[in-house]
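As structure tokens, the structure follows; a few thoughts come after it.
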Amino acid sequence: MAELERWLTARGVEDDDVRAVSGHLTESGQLDDHRFAYRFAADKRELAGWGPDRIQSALARRGVAQDLSEAALAEESASEQVERAAASLAERGTPASDDRLRAQALAFLTRRGFDYEIAYEAVRRHARSDDLAGP
């Protein structure tokens with residue numbers, strides 16, 4: 001809702017009209033921050049491979065209330081995050097055979113918005129799978 005209101009205000013729409021449009025769209029169910037937060041989080045997890053920190057920052061920039069973004073992010077457990085992060089490394093073909101490569105993989109995951117502990121465990125899991133796969 002906040003993103004739409006900013007967009008309309010930036011285009012010179014009067015504040016009363018912005019509130020009226022926002023109210024009408026909310027009442028009619030066309031504008032729903034709760035639904036938006038859940039769908040946005042799911043899309044960014046599945047399609048862009050983002051971690052929770054990056055998703056929450058993006059939702060905050062769009063004006064979504066923190067409690068809504070936290071609820072949307074609670075859909076995924078820590079173990080699911082680790083699995084998804086490790087899968088991201090595997091899909092990318094990121095090697096983790098030495099300390100330098102593991103540090104690069106860790107940096108990649110933290111840039112994607114994964115918490116350090118989640119990223120660290122994902123790199124460990126990915127490195128173990130690399131070791132099992134062998135040369």
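Annotations for the structure displayed:
- Boolean, Ala122 is of a type outside the set (Lys, Arg), part of a helix (DSSP H, G or I), touching a residue at least 24 places away in the same chain (Cβ under 8 Å) and more than 30 Å from Leu8 (Cβ to Cβ): yes
- Residues in the stretch 93-109 that are in contact (Cβ under 8 Å) with a residue 12 or more places away in the chain, farther than 17 Å from Ser77 by Cα and surrounded by 12 or more Cβ atoms within 10 Å (Cβ to Cβ): Thr94, Pro95, Ala96, Arg102, Ala105, Leu106, Phe108.
- Taken residue by residue, the stretch 49-58 has at least one member that is crowded, with 17+ Cβ neighbours inside 10 Å and either of a type in the set (Phe, Trp, Tyr) or more than 30 Å from His126 (Cβ to Cβ) (or both).
- Test: residue in the stretch 91-102 that is in the same structural domain as His126 (by TED's automatic domain parsing) and touching a Pro at 6+ places or on another chain (Cβ under 8 Å): yes
- Every residue from the stretch 5-19 that is more than 31 Å from the chain's Cα centre (by Cα) and closer than 18 Å to Gly63 by Cα: Asp15
- Among the residues of the stretch 66-82, those identified as touching a residue at least 24 places away in the same chain (Cβ under 8 Å) and surrounded by 13 or more Cβ atoms within 10 Å (Cβ to Cβ) are Leu68, Ser69, Ala71, Ala72, Leu73, Glu76, Gln81, Val82.
The values are calculated or read from the model by the stated rules, or taken from the named source; none is laboratory data. This one's a predicted model, so the numbers in the text were calculated from it and none came from an experiment. Positions of Cβ are generated from backbone atoms using ideal geometry, with glycine treated the same way; all protein chains shown enter the neighbour counts.
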